[in-house]
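Q: Questions regarding the structure given below will be posed in turn.
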Amino acid sequence: MEISQQCVVGLTWTLKDTLGEELDVLEEPVEFLVGGGDLLAKIEEALQGHEPGATLNLHLEPEEAFGDYDEQLVFLEARSLFPAGLEEGMTFEGLPEGGNADAPKNLLFTVTEIYPEHVVLDGNHPLAGIALRIALKVHTVREATEEEIGEGTAGTGFFRVTPQAPGSSSLH
């Protein structure tokens, strides 16, 4: 079966920045809905018409991936607004109550620095502003279920950042 809109693909990949530094490796195939919200548009476009066994090497500029880095999405908040066990890398949906009222409410903020009196939170995607090179391998292609089409996802998004426990570094 060829990849087309409204199908599910099982992919593995190696993701690097333009200097060749490895950012992520997906060794076991993960399923993504083509034509939903799981994959970046440039990746979906490149996958069209391919079959299992295909390999693709793509270069994505920031605007084709996670956008340019926006300094307006970095906030300095009082340390007292956060729990005692706060660690760099922890993520929060929105800023805590008592934080900057002008901050977007629907963003996921990552703790990037912790000072005795303040915490730096960044609402940019961790890969914002970075040009990416991705080597993809197509392992499977199947028709999407009605449920997957209705939800717009096969359950896993391409580098969808979700709130995570301290110490977890998984981007996917």
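Q: Need the C-alpha centroid separation for the range 37-114 versus the range 1-32, integer Å.
A: 18
Q: A follow-up question, please. Grab the beta carbon distance between residue 21 and residue 51, set R0 = 35 Å, and tell me the FRET efficiency rounded to 0.05. Intermediate results must be reported in sequence, preceding the final value.
A: Values: r = 31 Å, r/R0 = 0.88.
The computed FRET efficiency comes out at 0.70.
Q: Please give the charge dipole size of the chain, origin at the Cα centre, charges +1 on K and R Cβ atoms and -1 on D and E Cβ atoms. Round to the nearest 20 debye.
A: Roughly 180 debye for the chain.
Q: Fewest to most neighbouring Cβ within 10 Å: what's the order for 90, 1?
A: 1, 90
Q: Could you name the lysines in cross-link range of residue 137, using Cα to Cα under 28 Å and dropping any fewer than eight places away on the same chain?
A: 16, 42
Q: Hey, quick one: spin label on residue 12, modelled 7 Å out along Cα-Cβ, who in the range 25-46 has an amide N within reach, i.e. under 18 Å?
A: 25-32
Q: In addition: May I ask for the net charge around residue 62, where only other residues with Cβ less than 15 Å from the Cβ of residue 62 are counted and Lys, Arg are +1 while Asp, Glu are -1? Don't jump to the answer; show the numbers that get you there.
A: Values: positive: 16, 42, 133; negative: 17, 61, 63, 64, 68, 70, 71.
Its environment carries a net charge of -4.
Q: Specify which residue in the list 29, 46, 145 is farthest towards the positive end of the charge dipole of the chain, using unit charges on the beta carbon of Lys, Arg (+1) and Asp, Glu (-1), about the Cα centre.
A: Checking the options against the dipole of the chain, the answer is 29.
Q: Additional query: Where in the chain lies the longest segment free of GluC sites (Glu not before Pro) that are both loop residues by DSSP (not H, G, I, E, B) and have at most 13 other Cβ atoms within 10 Å?
A: The reported range is 22-86.
Q: According to a simple spin-label model (label point 7 Å from Cα along Cα-to-Cβ), what is the distance in nm between residue 84 and residue 5?
A: 5.5
Q: Right, something else. Once you have the Cα-Cα distance between residue 59 and residue 101, take 0.36 nm times their residue separation minus that, and quote the gain in nm to one decimal.
A: Fully extending the segment from residue 59 to residue 101 adds 11.4 nm.
Q: Longest span of the chain, sites excluded, free of trypsin sites (Lys or Arg not before Pro) in DSSP loop with at most 14 other C-beta atoms within 10 Å?
A: So the longest stretch without any such site is 1-104.
Q: Place a +1 charge on the Cβ of each Lys and Arg in the range 71-122 and a -1 charge on the Cβ of each Asp and Glu, then give the dipole magnitude about the Cα centre in debye, rounded to the nearest 20.
A: Magnitude of the dipole: close to 120 debye.
Read the figures in this text as sums done on the coordinates, not as results from a lab. This one's a predicted model, so the numbers in the text were calculated from it and none came from an experiment. Cβ coordinates were reconstructed from backbone atoms using ideal geometry, including for glycine residues, and neighbour counts include every protein chain displayed.
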